[in-house]
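The values are calculated or read from the model by the stated rules, or taken from the named source; none is laboratory data. All figures in this text were calculated on a predicted structure; none of them were measured in a lab. FYI the Cβ positions are ideal-geometry reconstructions off the backbone, even for glycines, and counts take in every protein chain you see. Accessible surface areas use protein heavy atoms only, side chains included; no ligands, DNA or RNA. Shrake-Rupley method; radii C 1.70, N 1.55, O 1.52, S 1.80 Å.
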Amino acid sequence: MKTSAILLSVPLLVLPLAEARAQRLRDVGSTVAVVNMVTAEFNRDTRTLQSGDRVHQNETIEVSNDASSELKLNDDTKLALGPGSHLTLDKFVYDPDKANGSIVLDLIKGTFRFITGVAEKPTYVIKTPSAAITVRGTIFDVFVQPSGPTWILLHEGAVQVRSAKGTCKDLYEPGKLIRIDNDGAVGPPVRWASLPGNSAVPFNDAFPFVAKTPSIDPDPVLTRDAIMTGTLPAGSPKGEACDSEPEKIIPVPNKSTPKKAKPTYEEPAPKYQKTKKREKYRPEKKRQADNDDFKKGVGAAIGLGIILGGKKGMGGGDYGGGMGRPGGMGRPGGMGGMGGGHGTGGKY
């Protein structure tokens, strides 16, 4: 009875977890086609995709070696993923009312076809292990080798490739390719016959969507024969050098200008503190002056007392002056001169 109760409660637990996961991830598009095993993984949570399933920001789409998949994002961007491909939906911020935002995709490895949607073209940034690609109304294929170079094949429009080293090349000619090395070196646009290392990988393995077109691009601009033989349409008259203002094409983090620290001499705090410390000793000086005045007052008072006392003992008077009382210190016939009255030298 307890076992059956536990089994019945499992679906009730799974449903809230699925709802919480959906609320945590932003919906950015859906699968259009899924052949064999294709999964979406986020934070060690992996699910198997079927045609029509929703995909979310920060999910990594993994295609098994005998599978393929096609995605359509909310801005009408279309992606085809070949066998063994891995892609992360890094960032998707899109406002359909303004047709702008920020769409960033990480191509980890494998083969891809990319068709831009309705968002403004500088909105898109396609990252590879060694470079970033920005687009301008574009259809292009990318082959990311696990431990080797990346190849880009342009079908329509234009792309700009900027490596981590700062090397930059524009690709305007349909049917030509650019090679990006692991060290960030970006080669010039060339035909397939002139692409360095093209003998190491068969063309159909590197660009499977040329020979077998995906459902998201049923009418390809270029055929395999046109690319292999070099019978290509005329490209843009622009050269391969990048624009002089790449920051308008490749979004870069805003570098806020740090505020300059004020010089120490402009800060009055230390001077104010010193002034306060000196003021603490002023009462001590005042007390010292008061003590001196007090001592002077005491001395003056003592002197005044002596003067007043002298009127009755020390100076002249009825008894002729002197230090003693009337009669001085001696008796009649005693020591005169020190007192009046009965002392010697007095009146008597």
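Table for the structure above
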{"item": "Å² per residue, accessible surface of region 120-175 at 1.4 Å", "result": "29 Å²"}
{"item": "D_trans [Stokes-Einstein, Kirkwood Rh over alpha-carbon pairs] for region 158-227, 4 °C, 1.567 mPa s, µm² s⁻¹", "result": "96 µm²/s"}
{"item": "Order by protection proxy (mean Cβ within 10 Å, highest first), peptides 126-139, 33-46", "result": "126-139, 33-46"}
{"item": "Entries in 109/165; 169/212; 91/176; 121/169; 109/212 that, when Cα-Cα distance is taken, lie over 24 Å", "result": "169/212; 91/176"}
{"item": "Diffusion coefficient, µm² s⁻¹, Stokes-Einstein with Kirkwood Rh over alpha-carbon pairs of region 37-178 at 25 °C and 0.890 mPa s", "result": "160 µm²/s"}
{"item": "Estimated FRET transfer efficiency when R0 is 22 angstrom, pair residue 213-residue 76 (beta carbons, to 0.05)", "result": "0.75"}
{"item": "Cα Rg, Dmax (largest Cα-Cα span) when computed across region 83-127, Å", "result": "11.5, 36"}
